[in-house]
Amino acid sequence: MPPSGNPANGKVLNRRPEARGFRIEQLLQEAADGCLRVPQFQRPLRWRSKQVIEYFDSIRRGFPVGDLLLSRDSGPADTLRFGPYTIEASARQDALWVIDGQQRITALVACLLRSDPIPKGDFWAIWYDLEQEQFVRLNRKVTPPGWIPLNVLCNSVDLLKWLRIWQYGDSNPVLVDRALELGKAIREYEVPAYIVAGAEESLVRLIFTRVNTAGIGMKASEIFEARYGKEGVKPIRTAVARMTDMGFGTIDADLFLRCLKITCRLAANISVDSPEVVENNSISRTEKALRRAVAAIQSAGIPHWKLLPYRLPLIFLTAFYDRFYTDNSRVDRLAAKWIWHGAISGEHEEVTDAYINRLLKQTESFKKPDQALANLLATSSDTPATSYANDPSNEIDKPLSMNRASSKVFVLGLLAANPVSVAMATQQRFDFEQLEEVLSDDDEEASIEAETPGNLPKNLLVSLVGGEKLRTDVVIPVDKLKPETLLAIDVDDAILASHLLDREAVRLLNAKDIEGFRSHRKSLLKKYFVSFVEDRIGDSTDARPLIASIAEDCDFPAARKAGTQ
């Protein structure tokens with residue numbers, strides 16, 4: 001049974017937080033002693049080298065850098081990691097848990113306590129250019145002689161040892177003085193902090209979410225995980241990671257949360273003050289239904305979540321399969337027809353909770369999933385196919401806009417032709433298992449509230465003519481296909497057909513007749529996509545309920561028997 005209310009409601013701290021300052025050298029010692037701890041409900045590290053550099057520059061200039069908020073409580077023996085710096089910490093009763101300030105503390109510890117003599121490559125490989133007087137990241141093979149690594153600044157002894165062997169140590173006293181002043185400025189900078197003592201975990205989680213949602217910050221899924229406190233550590237991100245075994249990609253954690261809220265009938269927004277009372281198995285329940293929804297979407301010919309024209313089918317079908325958990329192939333065929341109808345017509349563009357709940361309400365009066373989906377199809381728009389917003393045959397000569405649903409329908413059409421490699425040894429087809437690698441360079445900060453699940457990366461397609469990617473110009477680069485390879489005169493006709501090309505298209509391209517090629521390819525693509533749309537939307541025959549299904553509802557045994565023959 002879930003708890004009857006929020007355990008943190010109404011509770012107050014037993015004592016006021018202690019206000020004190022920590023010199024940076026003190027914070028580093030606390031970290032090295034295993035005292036500083038990061039709770040498991042903390043969000044992932046978001047800072048990159050730009051933010052780390054700006055933080056150290058503010059310290060050097062004496063700017064305010066914000067308060068730390070710490071909770072003093074016991075901590076078990078553990079392996080602690082701050083970027084590249086690792087500590088084997090013993091159990092202690094006076095550990096300081098970081099409620100607010102994880103990014104800043106990680107930057108300090110990772111940059112100043114790392115042991116490698118030449119920090120390079122990662123976000124915390126920060127040096128100081130003593131000549132230009134600026135912080136820089138080392139990502140080159142040769143270190144400029146005027147640069148000093150930050151990890152020699154954390155104590156004066158290490159700094160003096162480094163200066164003795166530095167090539168400018170004896171010849172440039174101005175740079176030596178700058179290094180000494182920088183080390184002193186960083187070590188002695190005092191960071192203000194508040195320390196909460198003896199607070200229950202529910203209060204610490206509440207403080208964390210209040211602090212971290214007051215400004216720019218946490219994703220909805222991170223807030224939920226911080227408050228939920230059930231089903232393991234970071235349960236949404238863990239579930240998302242588990243689901244990569246389906247080859248559907250790493251689904252956005254906020255999208256998983258949308259599926260959860262619709263499936264478990266939660267309010268659209270989760271308040272950090274009065275969070276929803278969520279059942280203990282909500283994430284495992286959502287994952288089970290989401291896996292079934294993903295299987296249905298994949299069987300419809302959409303191999304990766306970033307290729308979904310719209311997010312609505314993933315959210316709706318998760319809740320649908322939570323109610324109707326079935327492996328019936330007819331249900332999957334109906335789901336595929338519904339997915340494609342909504343994608344090509346544009347009906348699935350609206351993704352509000354209210355609209356999804358209206359769709360779910362339409363299914364509530366049906367006992368069988370095929371009847372529920374058939375009803376959804378029957379009530380879909382009857383707009384003629386030629387007027388569909390995302391019909392790929394209507395936009396063949398248009399540029400590809402990689403964040404538009406119509407472009408994703410077009411790309412899915414190219415994939416459905418099963419493009420084949422031109423490799424001499426084998427005629428390899430496109431490897432759908434490699435889609436995650438191809439699609440992984442999508443911008444990690446892309447908003448989940450966009451029209452479609454995520455922008456398509458440029459390396460998913462290759463242009464045969466260069467320049468702007470018109471739809472007439474592109475193919476799927478199977479096995480790192482290069483245009484000149486595909487345009488060789490000895491390429492098999494079947495291989496060309498798998499890329500929606502023919503001999504005439506190759507001839508026109510080799511003759512540099514770009515306009516002639518585009519006109520000819522447009523006719524090839526138009527013919528193909530008319531069939532593509534018809535195959536996926538088709539007529540309404542399959543949407544009619546089976547005789548056996550009707551008979552069972554009406555309790556006609558004879559008809560039931562006849563319908564199964």
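Quick look at the numbers
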{"read-out": "Net charge contributed by nearby residues that have their C-beta within less than 11 Å of Y189 (K/R +1, D/E -1)", "value": "+2"}
{"read-out": "Chain lengthening between D492 and N328 when straightened (0.36 nm per residue, less Cα-Cα)", "value": "55.1 nm"}
{"read-out": "Label-point separation in nm, E54 to A378, each point 7 Å along Cα→Cβ", "value": "5.7"}
{"read-out": "Pairwise label distance in nanometres, S115 with K526, each label 7 Å out on the Cα-Cβ vector", "value": "7.0"}
{"read-out": "Order of E349, E18 - criterion: other Cβ atoms within 10 Å of each residue's Cβ, fewest first", "value": "E18, E349"}
{"read-out": "Assigned charges on the beta-carbon of Lys, Arg, Asp, Glu; the range 18-197 dipole about Cα centre (debye)", "value": "520"}
{"read-out": "Which of T86, T318, T472, T250 has the fewest Cβ neighbours within 10 Å, and the rest in rising order", "value": "T86, T250, T472, T318"}
{"read-out": "FRET efficiency, T86 to N403 (Cβ-Cβ, R0 41 Å, nearest 0.05)", "value": "0.55"}
{"read-out": "Inter-site label distance for D170 and E364 at 7 Å from Cα along Cβ, in nm", "value": "8.7"}
{"read-out": "Cβ-based charge dipole, the range 221-384, positive-most Cα from F248, T326, I283", "value": "T326"}
{"read-out": "Amide H contacts of R37 (H built 1.01 Å from N, under 5 Å, at least 5 apart or other chain)", "value": "L96, W97, V98"}
{"read-out": "Cross-link partners of K261 among lysines (Cα-Cα below 18 Å; sequence separation of 8 or more within a chain)", "value": "K219, K230, K234, K288, K361"}
{"read-out": "Unit Cα scatterers, Debye sum, the range 221-384: log10 I(q)/I(0) for q = 0.11, 0.20 Å⁻¹", "value": "-0.43, -1.37"}
{"read-out": "Among 155-164, 25-34, the order from most to least packed when residues are scored by Cβ within 10 Å on average", "value": "25-34, 155-164"}
{"read-out": "The range 221-384 - percent relative contact order, Cα under 8 Å, separation 6 or more", "value": "21"}
{"read-out": "Violating pairs (Cα-Cα greater than 19 angstrom) within the set K398/K522; K306/K482; K482/K512; K398/K527; K337/K368; K141/K161", "value": "K306/K482; K141/K161"}
{"read-out": "Sorted by Cβ density within 10 Å, fewest first, the residues F224, F82", "value": "F82, F224"}
{"read-out": "Positive-end residue of A19, S115, V98, charge dipole of the range 18-197 with Cβ unit charges", "value": "S115"}
{"read-out": "√(5λ) per eigenvalue of the Cα gyration tensor, the range 58-105, largest first, Å", "value": "25, 15, 7"}
{"read-out": "Listed residue (L68, P44, T79) projecting farthest to the positive dipole end of the range 41-86, Cβ model", "value": "P44"}
{"read-out": "R0 of 22 Å, Cβ-Cβ distance S463-D502: FRET efficiency to nearest 0.05", "value": "0.75"}
{"read-out": "Antiparallel DSSP beta bridges within the range 18-197, as percent of all bridges there, nearest 5", "value": "75"}
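Values in this text are rule-based calculations from the coordinates and carry no lab data. Everything numeric in this text was worked out from a predicted model, so none of it was measured. Positions of Cβ are backbone-derived with ideal geometry, glycine not excepted, and every protein chain shown enters the neighbour counts.
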